[in-house]
Amino acid sequence: QVQLEESGGGLVQVGGSLRLSCAASRSIFSINRMGWFRQAPGKQRELVAVITRGGSTTYADSVKGRFTISGDNARNMVSLQMNSLKPEDTAVYYCNADGQNLVTSRPFISWGQGTQVTVSS
């Protein structure tokens, strides 16, 4: 499986900004899409933003206009710039990647360990 290493979470005040980054291990895998999901206490995990290898992006309605996802195919990295943060953005944010094992042709889905984002009012 692809290993994902996240960084950049923390505590920020309402209206502030944070940047999350995620790096995927280099190996025999071809990554098709990377992105971010989040899970708040007592709620289901939800999509925040994803980006394909070709650069197509998808955002949750709740973050459109505030969050920007960007990818670096050469380094297998994805970043999420979060601006104008709100208390409802408080959650554990998980990096996600999916693609294919180049040796076996089997698909994979990998998750990071998660990083806490807390927005205080």
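Since every read-out is calculated from the coordinates, none of them should be taken as a lab result. In this text the structure is predicted, and so the values were computed from the model without any measurement. Using ideal geometry, Cβ is built from the backbone for each residue, glycine included, and neighbour counts are taken over all protein chains shown.
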query = Given the Cα atoms of the chain, and with Rh set as the inverse mean 1/r over their pairs in the Kirkwood sense, what is Rg to Rh to two decimals?
reply = 0.98
query = In terms of modelled amide H atoms, which long-range or inter-chain residues lie less than 5 Å from the amide H of ASN32?
reply = ASP98, GLY99, GLN100
key: Length gained when the stretch SER62-GLN100 is fully extended (0.36 nm per residue, less Cα-Cα span)   = 10.7 nm
inquiry  = Please return the longest range in the chain lying between exposed loop sites, taking trypsin sites (Lys or Arg not before Pro), DSSP loop only, at most 14 other beta-carbon atoms within 10 Å, and leaving the sites out.
reply    = 76-121
remark   = Relative contact order in percent for the chain (Cα pairs under 8 Å, 6+ apart) equals 36 percent
key: Total charge dipole magnitude, the chain, about the Cα centre, Cβ charges on Lys, Arg, Asp, Glu only, Debye to nearest 20   = 140 debye
